[in-house]
Amino acid sequence: MKRNQFITLLAFLLMTVCASAQERAVIQGYCKDENGKPIENVSVYVHDSLLISVTDEQGRFTYSLAKAGLKLRFAHMVFEPTYYTIKEKDINGKNLTIKMKTKSHELLEAVVTANAPQIAFDNPVMSVIDYTLRDDGLYLIVYRRRNSALLHLSFDMDTLHELPISSRYKYLNKDAFGDIYAINDYQASLVGFMEIENGKKMMMNFYHSMSRKSFYDKFAAIVAASDSIFITGRYFMYNKEMSYYSNMLGSDEEPRELHRIVDEEALDDIWLLLHTGGFGHNYWANDPIYNPIYACDNKFYIFAYTDHETIILDAVGNEIERYPLTFHEYRKWNGKMVPDRRWKQKMMLDAARKEFYTFFVTDGIYTLKRIDLKTGTVTSVMDLSGYPFAQKMRIHNGVLYFIYPTGVNRRKALYQVRIE
């Protein structure tokens, strides 16, 4: 009886909140660049100085106290400041789009100081489209006037191999087995080499191609691999449950469940909403729980943030150790642990040093932090407030790489900065 009364009361409160939300003057919009791509971490101000929102990964921002006539300022390190005056039609709408222009300036390239970004690879007639890292160096897709090329560079930035390719290729993907594919809108092509007897790579080429759909159907679910097994992942129950499965290489055996993670509290909230006329499946499907897995040194590391622990497995999926994982939450005044909203659900692995990194964001400013596996805590290693980096950050052997627009003919170059 008490349970029914409790549910009835919650349903009444939900309907009251929903009715109140409909009366509020809310605007929702998106920040995009000249090419229509969403811009993350744009700071949105009202009255030119009061921070009201920071855009998410989709470039989305919201403001719940909007009034027609208010002037908004949009600020980002890479883009020119943009101003917009709210109109009546924007209130309670979701189609507002703010276009931002890239700043027309360059980083100082002639001066190289400790912990300052510098160009790793730059060519006055090439623009870097995408890149990836592997133990044998860097792989870049570059656009050069009317054609493109795939480059293989050493970590000293010497060009080891170059392959002319179609300008349709826009992306590079390194799968869980370490193979690199160049991808366009139609197909994925495996990058390979001819080798001589001493193992020296002589010529780079595409040695196998498949449709883009077949590539993602085949590899999208594979999240990590060792010399013995590969691991696949799957979500359940409105993306609030997930399981990792062990698959033996070269075997027809059925996959074995390695680990299941369940967000019980979120599932209870969903059950309550679904049974009281609240939001439905579509609302929750875009908010999956974040519990990534990495393969490093022939071991697997499951960062089970939902369960507050890091689980380490050997090459065949047997558990070795467990450690606490707490840095993504903080303790409130009442003693309850709650998520730290400054933490971005993003991680990077420096495979060369076997180190894991993550980000915290305050007012759109990134702080790079190193994860201590045994304690589950983090240590700040770099304040990125002075680095107007753009996209695709990766770490190798203590060096952070990223792509940044140079401001010259809309070119983009590969930059690097040592993080210690």
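Here is how the numbers come out for the structure above:
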item	result
Pick from the stretch 178-196, criterion outside any strand (DSSP E or B) and over 23 Å from the mean Cα position of the chain (by Cα), ranking: modelled with the lowest pLDDT	Ile196
Long-range neighbours under 6 Å by Cβ, at least six apart or interchain, first residue over 20 Å from Lys174 (Cβ atoms) within the stretch 185-206, second open to solvent by less than 100 Å² (accessible area, probe 1.4 Å) and at pLDDT below 80	Met202/Ile196
Enumeration of residues in the stretch 314-373 that are more than 25 Å from Arg394 (Cβ to Cβ) and touching a Pro at 6+ places or on another chain (Cβ under 8 Å)	Glu329
Residue list for the stretch 249-278, filter: touching a strand residue (DSSP E or B) at 6+ places or on another chain (Cβ under 9 Å), open to solvent by 80 Å² or more (accessible area, probe 1.4 Å) and touching a residue at least 40 places away in the same chain (Cβ under 8 Å)	Arg256
Test result for Lys89, outside any loop (DSSP other than H, G, I, E, B) and surrounded by fewer than 17 Cβ atoms within 10 Å (Cβ to Cβ)	yes
Odd one out for Phe177 among (1) among the hydrophobic types (A, V, I, L, M, F, W, C); (2) closer than 28 Å to Ser226 by Cβ; (3) surrounded by 20 or more Cβ atoms within 10 Å (Cβ to Cβ)	(3)
Residue that is most open to solvent (accessible area, probe 1.4 Å), among those in the stretch 126-145 that are over 19 Å from Ala188 (Cβ atoms) and out of contact with any strand residue (DSSP E or B) (no Cβ under 6 Å at 6 or more places or on another chain)	Arg145
Thr159 vs. criteria free of Cβ contacts under 8 Å to residues at least 12 places away in the same chain and open to solvent by 20 Å² or more (accessible area, probe 1.4 Å)	yes
Subset of the stretch 26-67 that is among the small types (Gly, Ala, Ser) and open to solvent by less than 50 Å² (accessible area, probe 1.4 Å) - its residue that is nearest to the chain's Cα centre (by Cα)	Gly59
Every residue from the stretch 211-232 that is modelled with pLDDT under 90, among the charged types (D, E, K, R) and surrounded by 12 or more Cβ atoms within 10 Å (Cβ to Cβ)	Lys218
Given (1) touching a Phe, Trp or Tyr at 6+ places or on another chain (Cβ under 7 Å); (2) open to solvent by 30 Å² or more (accessible area, probe 1.4 Å); (3) not hydroxyl-bearing (Ser, Thr, Tyr), number of the condition Glu197 does not satisfy	(1)
Matching option when the condition is modelled with pLDDT of 80 or more, over 18 Å from the mean Cα position of the chain (by Cα) and either open to solvent by less than 50 Å² (accessible area, probe 1.4 Å) or farther than 28 Å from Arg134 by Cβ (or both), among Glu329, Glu355, Glu321	Glu329
Residue in the stretch 370-388 that is among the aromatic types (Phe, Trp, Tyr) and at pLDDT 85 or above present	no
Test: residue in the stretch 203-210 that is in contact with a Phe, Trp or Tyr (Cβ under 7 Å, 6 or more places away or on another chain) and either surrounded by 13 or more Cβ atoms within 10 Å (Cβ to Cβ) or of a type outside the set (D, E, K, R) (or both)	yes
Residue match in the stretch 26-35 (condition: modelled with pLDDT of 65 or more, assigned to a loop (DSSP other than H, G, I, E, B) and touching a strand residue (DSSP E or B) at 6+ places or on another chain (Cβ under 6 Å))	no
The listed residue being surrounded by 13 or more Cβ atoms within 10 Å (Cβ to Cβ), in contact with a helix residue (DSSP H, G or I) (Cβ under 8 Å, 6 or more places away or on another chain) and either closer than 28 Å to Phe359 by Cβ or without any contact (Cβ under 8 Å) to a residue 24 or more places away in the chain (or both), out of Leu72, Leu96	Leu96
Pairs with Cβ under 9 Å, 6+ apart, first in the stretch 221-248 and farther than 16 Å from Tyr301 by Cα, second among the polar types (S, T, N, Q)	Ala221/Thr232; Arg234/Ser243; Tyr235/Ser243; Phe236/Ser243; Asn239/Asn286; Lys240/Thr306; Asn247/Thr232; Met248/Ser228
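The values are calculated or read from the model by the stated rules, or taken from the named source; none is laboratory data. Every value quoted in this text rests on a predicted model; they were computed, and no experiment measured them. Every residue, glycine as well, gets a Cβ built from its backbone with ideal geometry; the counts of neighbours run over all protein chains shown. Surface accessibility is based on the protein's heavy atoms, side chains included, excluding ligands, DNA and RNA. Shrake-Rupley method; radii C 1.70, N 1.55, O 1.52, S 1.80 Å.
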